[in-house]
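*Asks:* Sharing a structure below in structure tokens format, with a few things to ask.
Nothing in this text is a laboratory measurement; each read-out follows from the coordinates by a stated rule. Quick caveat: nothing in here was measured; it's all calculated off a predicted structure. Reconstructed Cβ throughout: ideal geometry from the backbone, glycine too, with neighbour counts over all protein chains shown.
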Amino acid sequence: MSMRDDYQNLSDLLQDVVSATEAFHGALPERPVAARKRTGGPSTDLPGHGIGGKAALREFLDQFGGDLSGSVGSRYFGFVTGGATPASIAGDWLAGAVDQNVASPGDSVAVAITVQALNWLKQLFNLPEASYDGAFTTGATGANFACLLAAREWAGEKAGYDIARKGLAGGPPIAIYSACPHASFVKVARFSGLGEDSIHAIARIGNTEEMDPNALEAALASAPADQQKIVCASAGTVTTTAFDDLVSIGSICRRYGAWLHVDGAFGLFARTVPELAGRTSGIEMADSITVDGHKWLNVPYDSGFYFTRRVDLIERAAGGLPAYLDVESDGLPHYINRVLEGSQRFRALPVWMTLCAYGADGVRETVRANVDQAAKLAAFLRDSPQFELLSPTTLNVVCFRGLPPDGVENADAWNKLLLAELNAGGTAFMTPGAYGGKGGIRAAFSNWQTRDEDLDQTIVALQTAHEAATRKGSLAA
Ligand SMILES: *Cc1c(COP(=O)(O)O)cnc(C)c1O
């Protein structure tokens, strides 16, 4: 079958995709939330001769359709996964189908739509529109990377040294200060050449994950005078959704001439609802901000974005444009100079579509519902004799563990068993969590589809898993 033949019947092929998508989404309420474990991938030879799009689709669905994760559904509480709104799915399909490259302006409206989508996001998060600029990335890791690159260039600029050109070796000493950096930030510290050891741990307040501003101030005050300082603050940590006090931290950063980066991958969404917005007060002082689209915004993977007051630093670090890319821009950005990637998918379209379709109200409704659901699950766990909360639930994440039966000594190991039982049951999916030296389970709410009925089903599944793990744990003890 030739591509040309397939293209002539494109609509027929796409109809099959529509049917498959309907079947997949229609089955989400019943199918196991996590896929069965497959050991080893299928091994087949590369086809020399193709079978055409329709047959290839059938082949994929027959062989693998049953083993997809139900992560887009309403009872998947792993990581911070987020779902996909109908309009964002449509936008994502269209982005693939029209296959625009937003690396450079000049031949498509896609770059202008990207600018608009980023402006809408600044409005959604109530950020001063004129002060921040940015770009879409593959996710919060990509956003953290771009932001750290900007901070690194800024550090060089302050010392009169061009790091992007000359490398770090002859540059100023650079230190990063953080209380609870996300694993991805540690990763980008490694990638950026600053190194993991450049991150100086700042004490937290009590037994929380929140940075102690006094400890930060003391660390900055005693740092060497020639050291350039980058502070990485959290707006929503992954285990306890802790928010650093950005009002205090922002003013300390100003006083000591430090760059303030805020990782708000999902926590920045607290800013979209008035009753939670106070937790991010002071964010206007941030020099750079990381946010995810594929989590609480509920657009498909992959989607993240960043904002910075100094996008010029990233553009400078990226270097000049080679002649073949130096197209007429009409004042629009060359996004190729704002992220690692050269060619870039039209990531703004699913975001634009979902914001156009449901507005800021749609985002607020999802955030409020998820926060409420997390509180309800936490209330059940707190009052249940079978479970205990490991940390207070203050946003959309519940960190807890099951109380093992008498005779079980290793509660952490028993909770792994409990989690395995829960996930094998197929009603709900959660991931491991640990807090205060205790291992347990973490449930994150970030899907527009989750309803209170899902919560009821999840509670029954937790009780069933607890019974099963109690039987197995007692046998082993
Ligand atoms: C998820 C997350 C990240 C990493 O995001 P990806 O989109 O997976 O790259 C970074 N920081 C925080 C706080 C997160 O929750």
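*Asks:* Starting from the Cα-Cα distance between residue 343 and residue 254, subtract it from 0.36 nm times their residue separation and give me the gain in nm to one decimal.
*Replies:* 28.4 nm
*Asks:* In addition: Segment 291-348 to segment 2-40: how many Å between their Cα centroids?
*Replies:* Taking the Cα centre of segment 2-40 as reference, the centre of segment 291-348 is 31 Å away.
*Asks:* Give the distance, in whole Å, between the Cα centre of segment 369-422 and the Cα centre of segment 75-90.
*Replies:* Going from one Cα centre to the other spans 23 Å.
*Asks:* Past 20 Å, Cα to Cα: identify those pairs from 187/438; 122/376; 54/295; 416/438, in the order given. Write down the numbers at each step before the final one.
*Replies:* Details: 187/438 25 Å; 122/376 31 Å; 54/295 32 Å; 416/438 12 Å.
187/438; 122/376; 54/295, as the Cα separations exceed 20 Å there.
*Asks:* So which DSSP H runs in the chain come out at 30 Å plus along the axis (Cα) with average Kyte-Doolittle of at least -0.5?
*Replies:* Length and hydropathy pass: 348-383, 452-476.
*Asks:* Please list, in chain and number order, the residues 5+ apart from residue 177 or on another chain whose amide H is under 5 Å from its amide H, with Hs placed from the backbone.
*Replies:* 200, 230, 231, 232
*Asks:* Where does each of 435, 306 land when they are ranked from fewest to most other beta-carbon atoms within 10 angstrom?
*Replies:* Details: 435 18, 306 29.
Taking fewest neighbouring Cβ atoms as first place, the list is 435, 306.
*Asks:* Between segment 168-234 and segment 438-456, what is the separation of their alpha carbon centroids in Å?
*Replies:* 32 Å
*Asks:* Moving on to the next point. Just the Cα atoms of segment 382-470: what Rg and Dmax do they give in Å?
*Replies:* Computed over the Cα atoms of segment 382-470, radius of gyration and Dmax are 12.5, 41 Å.
*Asks:* Something else: By how many nm would the segment from residue 62 to residue 119 grow when fully extended, if each residue of separation counts as 0.36 nm and the alpha-carbon distance is taken off? Write out the running numbers ahead of the final one.
*Replies:* Numbers: separation 57, 0.36 × 57 = 20.52 nm, distance 4.26 nm.
Result: 16.3 nm gained on full extension.
*Asks:* Round to the nearest 0.05 the FRET efficiency obtained for residue 368 and residue 420 when R0 = 41 Å and r is the Cβ-Cβ distance.
*Replies:* 0.80
*Asks:* Further, regarding this structure: Let me know the charge dipole size of segment 338-390 about its Cα centre in debye, to the nearest 20, where only the beta-carbon of Lys, Arg (+1) and Asp, Glu (-1) is charged. Write down the numbers at each step before the final one.
*Replies:* Numbers: 7 positive and 6 negative charges, 53 e Å.
Using only the charged Cβ atoms, the result is roughly 260 debye.
*Asks:* Can you divide the C-alpha Rg of the chain by 2.2 N^0.38 Å and report the result to two decimal places?
*Replies:* Ratio of Cα Rg to 2.2 N^0.38 Å: 1.05.
*Asks:* Over the chain, what relative contact order in percent results from Cα pairs under 8 Å that are six or more residues apart?
*Replies:* In percent, rounded to a whole number, it is 22.
*Asks:* What's the extension gain from residue 19 to residue 360 if we count 0.36 nm per residue and subtract their Cα-Cα distance?
*Replies:* Contour length minus the Cα-Cα distance gives 119.7 nm.
*Asks:* Each label point is 7 Å from the Cα along the Cα-to-Cβ direction; what then is the distance between the points at residue 31 and residue 215, in nm?
*Replies:* Label at residue 31, label at residue 215, 4.5 nm between them.
*Asks:* Now, a different point. Sort 13, 68, 297, 419 so the one with the fewest other Cβ atoms within 10 Å of its own Cβ comes first.
*Replies:* 68, 13, 419, 297
*Asks:* Still on this structure: Name the lysines eligible as straight-distance cross-link partners of residue 229: C-alpha to C-alpha under 16 Å, and not fewer than 8 places from it in the same chain.
*Replies:* The reachable lysines, counting only those whose Cα sits under 16 Å from residue 229, are 158.
*Asks:* Give me 180, 232 sorted ascending by neighbouring Cβ count inside 10 Å, so fewest comes first.
*Replies:* Details: 180 22, 232 30.
So the residues, fewest neighbours to most, are 180, 232.
*Asks:* I want the antiparallel fraction of DSSP beta bridges within segment 193-319, as a percent rounded to 5.
*Replies:* The antiparallel proportion sits near 45 percent.
*Asks:* Dipole of the chain, Cα-centred, from +1 at each Lys and Arg C-beta and -1 at each Asp and Glu C-beta, to the nearest 20 debye?
*Replies:* On the way: 39 positive and 53 negative charges, 164 e Å.
With only Lys, Arg, Asp and Glu charged at Cβ, the dipole is about 780 debye.
*Asks:* May I pose another question? Separation between the residue 379 and residue 247 pseudo-spin-labels, each 7 Å from Cα along Cα→Cβ, expressed in nm?
*Replies:* With each label placed 7 Å out from Cα toward Cβ, I get 2.9 nm.
*Asks:* What 222 nm value per residue comes from the helices of the chain, counting each DSSP H run with n ≥ 4 as -39,500 (n - 2.57) and dividing by all residues, nearest 500 deg cm²/dmol? Walk me through the numbers on the way to the answer.
*Replies:* Numbers: 15 runs with 204 residues, N = 477.
One gets -13500 deg cm²/dmol as the mean residue ellipticity at 222 nm.
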